[in-house]
Amino acid sequence: MTVDYVVDTNIFILLFNNQLEELIPEGRLAYSVITEIELLSFPNLSDTDAQLIQQQLSQIRRVPLDEAVSAATIRLRRQHRLKIPDAIILASAEVMDATLLTNDQQLVETQAVKTRSLKLKEV
């Protein structure tokens, strides 16, 4: 299955907090396993919120941490001095040959994969 976009954790957080002015684009979506871990491991996350997150994620393809993602993570982390979670997310987009939806400027600046940032609501 091909994927158009891998959604970074920060995009999900902005979406859940109703801070995105721009909608997530139409297309085949995926997320990295690290995004699932990051979203569901917030200390004060209620059971209701965890269920809502899991419900949303269940509708999108999950990119596992397999050998291809692991190898790409190592290479990208070394090349760009990224934190491991960021390198895994970037590697997931690379392996899926997908655009990374992210508002993380460090990931955008790596130019390792095609990226797209989404507009935020003005405060």
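Summary of computed values
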| quantity | calculated |
| --- | --- |
| Count - residues of region 36-79 that are closer than 16 Å to N17 by Cα and of a type in the set (S, T, Y) | 2 |
| Unique residue being in contact with a Phe, Trp or Tyr (Cβ under 7 Å, 6 or more places away or on another chain) and aliphatic (A, V, I, L, M) when the list is I53, I60 | I60 |
| Condition check for Q19: surrounded by 12 or more Cβ atoms within 10 Å (Cβ to Cβ), modelled with pLDDT under 95 and of a type in the set (S, T, N, Q) | no |
| Restricting region 72-112 to residues that are of a type in the set (K, R) and not in a helix (DSSP H, G or I), the residue that is farthest from L15 (Cα to Cα) | R81 |
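So that you can scan it fast, the table gives a plain yes or no per residue for (1) among the β-branched types (V, I, T); (2) in contact (Cβ under 8 Å) with a residue 40 or more places away in the chain; (3) surrounded by 17 or more Cβ atoms within 10 Å (Cβ to Cβ):
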site: R78; (1), (2), (3): no, no, no
site: R81; (1), (2), (3): no, no, no
site: A87; (1), (2), (3): no, no, yes
site: S92; (1), (2), (3): no, yes, yes
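The values are calculated or read from the model by the stated rules, or taken from the named source; none is laboratory data. None of the values given here were measured: they were computed from a predicted structure. A quick note on method: Cβ atoms are made from the backbone with ideal geometry, for glycine too, and the neighbour counts reach across all protein chains shown.
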